[in-house]
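Before any comments, here is the structure.
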């Protein structure tokens, strides 16, 4: 974007952070600070830390994922309880779930910012997630597995 750094309001900055997380593989708060700077937005690491925590961004493995908070909707934290198995198959990921929970898992996956899926289809106990290619499907399967193994933490924690 621009070469000059500028301060922007909190809402604009947080919207930009969500967009950047969905477009790039960002895994540290400094990565986010640099990405914001690339977009011409000046932000301190402490500010980014607070923003990530407020946005509900999670660090999954080595990258950030964001799930917008929708009151009354299941969040990414339900995946360990609902997901029984994950199988990548070419550009698709087959996710076996507890009976009756596939719809909730599908909804969560559709709303995660930064997850490389084009969409999902849910049955009673199975979700089919479609990725753009086999590499993305493998990455999605690994990220879901990391969440299910509780290799996640709030992104606002000290790195």
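The values are calculated or read from the model by the stated rules, or taken from the named source; none is laboratory data. Note that the coordinates shown come from a computational prediction; the quantities given were computed from them, not determined experimentally. A quick note on method: Cβ atoms are made from the backbone with ideal geometry, for glycine too, and the neighbour counts reach across all protein chains shown.
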Would you pick out the residues in region 48-77 that are modelled with pLDDT of 80 or more, part of a helix (DSSP H, G or I) and in contact with a helix residue (DSSP H, G or I) (Cβ under 8 Å, 6 or more places away or on another chain)?
-> 48, 49, 51, 52, 54, 55
Note on region 115-126: residues surrounded by 20 or more Cβ atoms within 10 Å (Cβ to Cβ) and farther than 24 Å from residue 56 by Cα are 122
Counting only residues that are in contact (Cβ under 8 Å) with a residue 24 or more places away in the chain and in contact with a helix residue (DSSP H, G or I) (Cβ under 6 Å, 6 or more places away or on another chain), which one in region 79-91 is surrounded by the fewest Cβ atoms within 10 Å (Cβ to Cβ)?
-> 90
In region 127-139, anything crowded, with 18+ Cβ neighbours inside 10 Å and more than 14 Å from the chain's Cα centre (by Cα) is listed as 127, 129, 131, 137
Among residues of region 93-114, those that are surrounded by fewer than 20 Cβ atoms within 10 Å (Cβ to Cβ), outside any helix (DSSP H, G or I) and touching a strand residue (DSSP E or B) at 6+ places or on another chain (Cβ under 8 Å), counted | 4
Selected residue [in contact with a strand residue (DSSP E or B) (Cβ under 7 Å, 6 or more places away or on another chain) and farther than 20 Å from residue 139 by Cα] from 48, 33, 60, 8 = 8
Taking region 1-47 as the region of interest, how many residues are modelled with pLDDT under 90 and more than 23 Å from residue 111 (Cβ to Cβ)?
-> 9
